Structures are given as C-alpha cells and as structure tokens.
Amino acid sequence: MIRVPHRPAVTVILMALLALSIQALSLPNSAPAAEIKFSLAGGLAQKFEGIGGISGGGPKFGAALQILKVEIGGDSQSTDGTESSHMHTADDVSFDRGYEWSLMKDVKKINYNIKLYGLPWVFPGWIGGPDLDPYYNNSSNLLRYIMTWVKGAKAVHGLHMEYLGMLRKALDASGFASTRIVATDSLWDVGFLKAAAANKALYDAVDPARGQADSPPEAKLLNKTMICSEEFSAYNDINAHHTHFSEPGWRYLPVGNGSGLLPGNGSYITYVSPDAAHVTVVIETMDPHDAHCFYSMPQYPIADVQTVVLKFTDGLSSITRFRVRQSVFDYGNRTARLFQKLPDFPVVNGTLKLTLTKNTILTLTTMDDAGPTDDPSQIVNEKAPTNETFFPDVYREDINELRDEEEPRYLAPQAGVWEVRSAPDGKRAMAQVVTQPPVDTCYPRFPRPGALIGDYSWTDSRINCSVWLPTWANASTGVYLGLQANQAGASMVHSSGVFAWLLPLQGPGCGGYCTVLLMTRDYGMQQAVYSSVLDGLARDSWISVSLQMLKGFVQLRVNHKLAYNGTSGWEKLPSGWAAVGTQNFGVAYFKDLSVERLGD
C-alpha cells in the first residue's frame with residue numbers, strides 16, 4: 001500500500017461521462033497526441049460520496065446506485081404524484097403506508113451497503129398551522145413529525161438513514177448522531193453558505209453541502225463535501241461506468257494529476273481507493289450538441305478523434321494492465337452499445353496510448369471485473385423500444401387482497417391520498433383520507449384531492465364507481481368522476497376534461513335534502529356546461545356513478561338512471577386519463593372502480 005497525503009479540495013469535479021472507441025483510424029477533425037499525467041504526488045482531492053437515485057438496477061451493473069434518496073410522504077403533490085404520510089394527523093401514526101418502505105428494503109437486499117437518504121418535499125396540513133408553514137409554532141410539530149419517521153424506519157423496518165436535511169440536535173439526542181445533515185436541500189443558497197462559514201455551530205451541523213447544478217464559489221470555499229442533486233446531467237444507464245468500479249469513500253485525483261479536460265475536449269476523472277490499492281479512470285468525449293444537458297451549458301466542439309498518452313507515475317507506475325468497459329453512442333442512427341467489456345489494456349513502463357472517438361465512454365480500472373462480456377439487454381435502439389406495456393382496455397381496481405391502509409395498485413393520486421379502509425357499512429373501499437389542505441411546494445395549491453387512472457391516449461372511454469359520502473364533520477362536501485383529464489402532476493390543477501360533480505345539499509330550498517349535479521370541462525370547476533338537481537340521493541349510502549364519452553356524446557348515469565346526455569360543450573376535448581376525487585379535503589369512500597376504453 002502506498003501512503004499519500006490528503007489535502008482539502010476547493011474544486012468539485014463535475015464530469016460529463018466519457019466516450020472512447022479504440023481505433024487506429026485517421027479521421028477528420030482530429031486533435032494532436034497529448035500526454036496526460038496521473039500521479040499521487042500531489043495528494044488526493046475530494047471524497048467521492050456516491051451516485052444515487054430513486055431506483056435502479058443491480059448494485060454493480062447497469063444503472064448501479066450507491067445512494068437511494070426517498071421521499072418522506074406528505075399527503076400532497078411533490079411534482080408527479082402524492083405519497084402517503086406516516087402521520088395524516090397529529091394523533092395518527094402508521095409505518096405501513098406507501099411504497100418507500102418496501103423499496104428501501106428491496107434495494108438493501110440487492111446492495112446492503114447502499115446509503116439511504118430521507119427528504120420531505122411536502123407536509124400534512126396539521127404541521128403547518130394556519131399559515132401552512134412547516135416551521136410554525138417553533139417547529140415543534142415538524143421536529144416530532146420527522147423524528148417519528150426516522151425512529152420508525154429503524155425500529156419497524158430496520159432501516160438507518162444515512163442522510164437527512166434537518167434536525168441535528170434532535171438526531172443526536174435520539175441516538176442518530178451518525179445521520180448526516182445535507183443543507184440546503186434545494187438550489188444553492190449563497191446566504192446560507194455565508195452564514196455557515198461565519199457560524200461554527202451551523203458549520204459543524206452541516207455535512208455535506210448540497211445544491212443543484214454548478215456550485216458557486218461560496219460552496220467551494222466552505223470546504224465541505226458537496227452533493228449535486230437533481231442535476232439531470234447523467235444518462236442513468238451508464239452510471240455503472242462510475243459505480244461499478246468505485247465505492248463511496250474513494251477520492252478523486254486532483255485536476256492536473258489525474259482529472260481534467262482532454263485536448264480535443266471531453267474530460268477524464270480518476271477515483272482512488274482509500275488504501276490506494278485500486279484506481280479507476282473514466283474518460284468521456286460526449287458532444288454537447290448530441291448529448292443535451294437539462295441545464296444550459298457551453299456548446300463546445302468535440303474532436304472526432306483524438307490520441308492521448310496516459311503516463312502513470314509517482315505511486316501509480318506499478319500498474320501493468322487495466323480492465324476495460326466501453327459505451328458507444330451513434331446519434332445518427334439513435335442506437336447505443338452500453339457498458340461492453342473489452343480485452344484488457346496493457347500498461348507498458350507506466351504508459352498507455354489511446355485513440356478516442358467522439359460520443360464514447362471508457363472506464364479503465366485495476367479492479368477485477370466479473371460482469372458479462374456482452375449483455376444483449378444493454379444494446380439500445382431508440383427507434384424500436386421493446387417490452388412496452390400499455391394500460392389494459394378494461395381494468396377493475398381489485399382491493400380484496402390489499403391490507404388496510406395499503407394504496408390501490410393503479411390509482412395515481414395527484415392530490416390527497418387513497419387508502420384501503422372499511423366504509424361505514426363495513427365493506428372494504430378506497431377512502432380519501434386527507435382532511436385538511438397540506439403544506440404544498442407546488443403552486444398553485446391544489447384546492448381538492450384528485451387521482452388518475454387509465455391511459456392518456458384514450459379518447460372514448462367509461463369510468464364506473466360507487467361513492468359514499470359520510471355525514472361526520474370531516475367528510476367531503478362532494479365527489480367527482482372525470483374522463484379525458486389532460487394534465488397530471490403539479491399541472492393537474494389546470495386540467496381540462498369531462499368532470500361530473502355530485503354535491504349534496506341540505507336545506508329548505510331542496511325539500512330538506514338533494515344533490516346538485518354539475519358538469520364541467522375542467523378540474524377547477526370554472527367551465528360549467530350543465531347543472532341540475534337530483535332527488536333521492538342521500539349521504540351515508542352507496543351511490544353508483546357511470547360516466548361515459550363516446551364519439552362526442554357524454555352520458556352520466558347515477559344509480560343506473562340517466563342523469564345527463566349531451567354533446568354541447570364537449571367539442572375539441574383532448575385525450576386523457578380517467579379521474580376520481582372529492583370537492584374539498586375531506587373523507588369520502590370509493591369502491592368497484594373500473595375504467596374501459598371504448599370505440600375502435
């Protein structure tokens with residue numbers, strides 16, 4: 001083992017990923033041969049913390065992950081759907097809700113060493129108080145909410161959180177001193193970075209620092225480990241070029257001694273194991289004109305072919321060969337060969353000469369590589385996607401085999417939460433359980449719960465469902481069914497479609513009790529097409545509802561009786577999903593939900 005000095009890094013090396021086809025051809029737009037030095041003499045740069053994501057492939061192949069970041073469900077929209085909270089109310093606690101628990105446990109079975117990272121995007125309304133601010137009332141509600149989740153993860157599921165975004169003192173006091181605080185978990189906050197540099201207690205509480213995309217000078221001067229989150233630059237299928245041959249805790253070689261830019265553009269980066277026994281070099285020549293980044297970046301040219309001579313000295317001269325993995329991208333034909341194993345490259349007298357072509361990624365490593373020589377599943381043709389599965393033309397949401405508090409399989413909440421519960425008559429049903437507006441991060445705020453099901457491409461379709469509106473205090477004031485809802489995620493608030501609303505009323509104006517039927521072209525209830533009063537419908541009973549769109553005709557049946565039939569107002573509606581929901585945040589029950597594609 002070679003001992004090398006560690007020095008703090010003031011630069012974060014953000015790589016574009018690497019591409020190299022080993023050829024001896026003379027191609028146009030070539031760069032002259034250049035020597036690149038790899039050495040331990042200058043010490044090591046920053047620690048590599050790993051590459052993470054929400055889900056991926058195996059621990060050491062394909063979209064390999066070293067960190068799994070999960071949402072702490074908060075009963076509201078957090079970009080593309082709602083995740084159920086472990087505490088719908090201040091007096092309610094359950095660690096059986098949502099899919100994150102099973103996801104974390106399944107990933108741990110595949111890769112026991114993966115690090116877990118919990119983050120709340122949104123919060124149940126009870127935490128925010130009257131202003132829907134999670135830091136309301138000295139943050140006591142927020143502290144109890146997050147610590148309950150962290151403790152439950154450990155006690156109930158055996159899952160330890162490696163990273164969190166807050167509550168250093170509370171974590172230390174509860175025996176979670178090893179859980180590290182990532183701050184700020186949003187865009188780079190220069191004000192926070194300056195405050196951390198000036199305040200030792202704040203500085204000591206935070207590790208690592210985090211932001212999105214390129215880091216500002218203040219982040220580098222803080223001299224903390226930095227995490228770039230939601231930076232969207234990586235093509236996940238090639239993460240293994242990094243994660244297959246490195247581990248969290250390895251260190252980078254500094255710029256000029258193993259990391260940097262290629263003479264014909266592109267980049268290279270080197271990982272070194274803690275004992276300096278292994279080295280992994282990743283080289284990329286990805287053309288930004290072809291491989292577009294989510295964020296704006298310079299459109300620099302990449303040489304069609306360039307030759308480099310790698311010189312390994314000062315602690316690395318004993319390397320005699322590299323295992324090799326390569327990915328090649330053909331953007332003209334929209335094909336790619338990913339993570340292919342090549343024969344070993346010999347290193348002679350500390351020297352390795354490579355000819356690199358554009359849009360290829362190459363990994364050189366001293367580690368053993370037990371992966372497959374050529375995995376056909378890693379050959380991608382974007383023109384002809386395979387294994388594509390469509391939503392069935394007829395589907396019924398069967399909840400009979402689901403446990404209490406489990407979410408329906410294919411109903412996708414965009415606001416609010418649907419869980420399997422017993423209805424007041426004892427029958428199993430899907431209950432909308434969020435009873436007050438949550439603390440949102442997506443704007444505009446959702447005025448009511450809503451969930452989608454079906455296929456966006458459907459134009460002619462039908463949705464059937466039985467609904468039950470209870471009479472107790474936190475019950476919803478109404479329910480709706482929808483077809484051709486054309487927006488999802490945070491944009492569902494702007495959705496057009498066919499929406500049928502049943503709104504119970506009580507008072508002398510309707511003979512004591514009646515239900516208003518409202519037909520609208522939108523989720524926002526602003527584009528009314530038709531309204532009427534339906535008699536004979538009562539709360540605390542099941543009401544069957546069937547909504548259909550076929551060749552421009554909209555038909556609604558309530559308790560098997562025709563309640564609406566018409567074409568006027570429904571012209572030029574786009575395709576879209578089926579939908580169910582409640583008029584406000586309150587309890588309602590749904591059962592026997594089915595959707596069907598109609599027509600040819």
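The values are calculated or read from the model by the stated rules, or taken from the named source; none is laboratory data. What you see is a predicted model; the values in this text were computed from it and never measured. Neighbour counts are summed over all protein chains in view; Cβ atoms, including those assigned to glycine, are modelled from backbone coordinates with ideal geometry.
Observations on the model:
- Filtered residues of segment 96-141 (kept if in contact with a strand residue (DSSP E or B) (Cβ under 8 Å, 6 or more places away or on another chain), hydrophobic (A, V, I, L, M, F, W, C) and either part of a strand (DSSP E or B) or closer than 20 Å to ARG445 by Cα (or both)): LEU116, LEU119, TRP121, VAL122, PHE123, ILE127, LEU132
- Residue satisfying all of: in segment 207-242; in contact with a Ser or Thr (Cβ under 9 Å, 6 or more places away or on another chain) and among the aliphatic types (A, V, I, L, M); modelled with the highest pLDDT among these: ALA240
- Residue within segment 498-518 that is farther than 28 Å from PRO124 by Cα and surrounded by 22 or more Cβ atoms within 10 Å (Cβ to Cβ) present: yes
- Scanning segment 321-348 for residues that are assigned to a loop (DSSP other than H, G, I, E, B) and at pLDDT below 95 yields TYR331, GLY332, ASN333, ARG334.
- Among the candidates LEU132, LEU143, LEU167, residue that is touching a residue at least 24 places away in the same chain (Cβ under 8 Å) and over 15 Å from GLY74 (Cα atoms): LEU167
- Filter result (more than 24 Å from ALA415 (Cβ to Cβ) and not in a strand (DSSP E or B)) within segment 543-586: LYS551, GLY552, ASN559, HIS560, THR567, SER568, GLY569, TRP570, GLU571, LYS572
- Candidate set: segment 64-95, residues that are in a loop (DSSP other than H, G, I, E, B) and among the charged types (D, E, K, R); chosen: the one surrounded by the fewest Cβ atoms within 10 Å (Cβ to Cβ): ASP91
- Every residue from segment 466-508 that is hydroxyl-bearing (Ser, Thr, Tyr) and within 32 Å of the chain's Cα centre (by Cα): SER476, TYR480, SER491, SER495, SER496
- Condition met for LEU159 (touching a helix residue (DSSP H, G or I) at 6+ places or on another chain (Cβ under 9 Å), within 30 Å of THR243 (Cβ to Cβ) and either buried (at least 16 other Cβ atoms within 10 Å of the Cβ) or aromatic (Phe, Trp, Tyr) (or both)): yes
- Of all residues making up segment 476-497, the number that are among the aliphatic types (A, V, I, L, M) and at pLDDT below 95: 4
- Among the residues making up segment 513-533, a single one is closer than 12 Å to TYR480 by Cα, without any contact (Cβ under 8 Å) to a residue 60 or more places away in the chain and in a loop (DSSP other than H, G, I, E, B): MET525.
Results for (1) at pLDDT 95 or above; (2) more than 22 Å from LEU452 (Cβ to Cβ); (3) assigned by TED's automatic domain parsing to the domain that holds THR285; (4) not in a strand (DSSP E or B), shown as yes or no for each residue.
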residue: LYS353; (1), (2), (3), (4): yes, yes, yes, no
residue: ASP374; (1), (2), (3), (4): no, yes, yes, yes
residue: ASP398; (1), (2), (3), (4): no, no, no, yes
residue: GLU401; (1), (2), (3), (4): no, yes, no, yes
residue: VAL420; (1), (2), (3), (4): yes, no, no, no
residue: PRO424; (1), (2), (3), (4): yes, yes, no, yes
residue: MET430; (1), (2), (3), (4): yes, no, no, no
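- Only listed residue being surrounded by 15 or more Cβ atoms within 10 Å (Cβ to Cβ), more than 34 Å from the chain's Cα centre (by Cα) and among the aliphatic types (A, V, I, L, M), chosen from LEU562, LEU534: LEU534
- Considered as a group, the residues in segment 245-294 that are free of Cβ contacts under 8 Å to residues at least 24 places away in the same chain and in a loop (DSSP other than H, G, I, E, B) include one that is nearest to THR307 (Cα to Cα), and that residue is HIS289.
- Every pair of residues 6+ apart whose Cβ atoms lie under 8 Å, when the first sits in segment 467-489 and is closer than 8 Å to ALA588 by Cβ and assigned by TED's automatic domain parsing to the domain that holds ASP425 while the second is assigned to a strand (DSSP E or B) and among the basic types (Lys, Arg): TRP468/LYS591
- Enumeration of residues in segment 295-320 that are modelled with pLDDT of 90 or more and not in a strand (DSSP E or B): PRO301, ILE302, ALA303, ASP304, ASP314, GLY315, LEU316, SER317, SER318, ILE319, THR320
- Segment 251-266, subset farther than 23 Å from ALA303 by Cα and crowded, with 22+ Cβ neighbours inside 10 Å, residue modelled with the lowest pLDDT: TYR252
- Residue match in segment 539-556 (condition: loosely packed, with under 12 Cβ neighbours inside 10 Å, assigned by TED's automatic domain parsing to the domain that holds ALA415 and aliphatic (A, V, I, L, M)): no
- Just one of the listed residues (ILE269, ILE283) is within 21 Å of LEU253 (Cα to Cα), in contact with a helix residue (DSSP H, G or I) (Cβ under 9 Å, 6 or more places away or on another chain), crowded, with 17+ Cβ neighbours inside 10 Å and of a type outside the set (Asp, Glu), namely ILE269.
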